[in-house]
Amino acid sequence: MAKRSLSRTIVPTLLTYLGLAVGLVFAGFPILWMFFTSLKSNTEIFALPPRLLPDRFTSVAYLAIFSDPTKVRFFLNSYLVAGVVTVLTVLIAILTAYAFSRYSFRLKKTLNVFIISTQTVPPITLLIPYFGMVVAFGIFNTYFALILTYMVFTLPYAILLMTGYLNTLPKELDEAVLVDGGSSWTALWRVIIPLSVPGIVATAVYTFLLAWNEFLFALTLTKSMDMRTVPIGIELLMGQHAFEWNEMMAMSVLGSLPLLVLYLIAQRYFLAGMAAGSVKS
């Protein structure tokens, strides 16, 4: 009986670890291939049979990127657009979610349905109308056009995410502040927001990820090289007669670093928020 019970626990555990190992290989191998390809020369990439590790490590691809002001500008544009979109989206989402979570007003359900319904519209179907509007308003090839467009797509889900998180916080917290002579504004900034750090971080990560990786609208709504973002910069390395594969991989590695750093920071805040919540409970 003991052997049977032991086998019943070991076999599922082994199968679980095996499944995780297979998933790790499928998820991690392309990343390793991308990283090591960025350290190869463009001719070595086409060597047969293909090899994961280069014969000679070289940083020529990274030097080509950092020594080219145009390519550096791609990263600055992405940081600027994604950063502004993240800050504005999170701020508006917090205020809107607080209203949906704490107050009852006319058309509340209608607005909720409208926000949810916007998530069912494929962004590509709005490409031509957005292009016409941007040109008509005279904001084509500007940061404002990209920021405004990205916020249209990030705000609905951010509002839903923050509303769901604020609904988990008891309204008695707001009432306690009001009893002490504070206002709803005080309750929001002094009590609700500090307790909502995990939800705010999750919203910020989602928003930054979407704005940083967006390709189609950045390609359509910008024209000059000094307005292009990182995804467009990677695409521009695919020339008519030759592909700069090592630079493409190097730019992909550099483009992934902000997301990795942001995730590590977010993970720390998630753990801090969970620990603070357990202490308060």
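Looking only at region 108-148, how many residues end up being at positive phi and free of Cβ contacts under 8 Å to residues at least 40 places away in the same chain? Walk me through how you get there before you give the answer.
The initial filter retains those residues of region 108-148 that are at positive phi, namely 138, 141.
Keeping just the survivors that are free of Cβ contacts under 8 Å to residues at least 40 places away in the same chain gives 138.
Number satisfying all stated conditions: 1.
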* Report those helices (runs of 4 or more DSSP H) wholly inside region 133-198 carrying at least 3 residues which are β-branched (Val, Ile, Thr) and closer than 30 Å to LEU221 by Cα. => 143-166
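Residues checked against (1) open to solvent by 20 Å² or more (accessible area, probe 1.4 Å); (2) part of a helix (DSSP H, G or I); (3) within 30 Å of TRP245 (Cβ to Cβ); (4) modelled with pLDDT of 90 or more:
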{"position": "ILE65", "(1), (2), (3), (4)": "no, yes, yes, yes"}
{"position": "VAL81", "(1), (2), (3), (4)": "no, yes, yes, yes"}
{"position": "LEU88", "(1), (2), (3), (4)": "yes, yes, no, yes"}
{"position": "ARG106", "(1), (2), (3), (4)": "yes, no, no, no"}
* Asked: Are any residues in region 180-193 modelled with pLDDT of 85 or more and open to solvent by 70 Å² or more (accessible area, probe 1.4 Å), and if so, which ones?
  -> TRP185, TRP189, ARG190
* Asked: What single numbered condition from (1) within 30 Å of MET251 (Cβ to Cβ); (2) open to solvent by 40 Å² or more (accessible area, probe 1.4 Å); (3) not hydrophobic (A, V, I, L, M, F, W, C) fails to hold for GLU172?
  -> (1)
* Restricting attention to region 214-261, report how many residues are among the aliphatic types (A, V, I, L, M) and open to solvent by less than 50 Å² (accessible area, probe 1.4 Å). => 14
* Check whether at least one residue in region 140-163 is surrounded by fewer than 17 Cβ atoms within 10 Å (Cβ to Cβ) and either under 24 Å from PRO198 (Cα atoms) or touching a Pro at 6+ places or on another chain (Cβ under 6 Å) (or both), and report yes or no. => yes
* Structure fact -> Cβ pairs under 6 Å, 6+ apart or interchain, first in region 186-207 and within 16 Å of PRO170 (Cβ to Cβ), second at pLDDT 90 or above and part of a helix (DSSP H, G or I), ordered by first then second residue, are LEU188/TYR98
* To do: Any residue in region 29-41 that's under 9 Å from GLU247 (Cα atoms): show its pairings with residues that are outside any helix (DSSP H, G or I) and at pLDDT 90 or above at Cβ separation under 8 Å, as long as the two are six or more apart or on different chains.
  => none
* For region 28-55, enumerate the residues that are outside any helix (DSSP H, G or I), under 16 Å from MET249 (Cβ atoms) and open to solvent by 60 Å² or more (accessible area, probe 1.4 Å). => THR43, PRO50, ARG51, LEU53
* Residue selected from region 108-132 under the condition among the β-branched types (Val, Ile, Thr) and in a helix (DSSP H, G or I), by the criterion farthest from MET162 (Cα to Cα) -> ILE128
* **Boolean, THR96 is assigned to a helix (DSSP H, G or I), touching a residue at least 60 places away in the same chain (Cβ under 8 Å) and in contact with a helix residue (DSSP H, G or I) (Cβ under 9 Å, 6 or more places away or on another chain)** => yes
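The values are calculated or read from the model by the stated rules, or taken from the named source; none is laboratory data. What you see is a predicted model; the values in this text were computed from it and never measured. Ideal geometry is used to build each Cβ from the backbone, glycine not excepted, and the neighbour counts take in all protein chains shown. Surface areas here come from the heavy atoms of the whole protein model, side chains and all, with no ligands, DNA or RNA. Shrake-Rupley method; radii C 1.70, N 1.55, O 1.52, S 1.80 Å.
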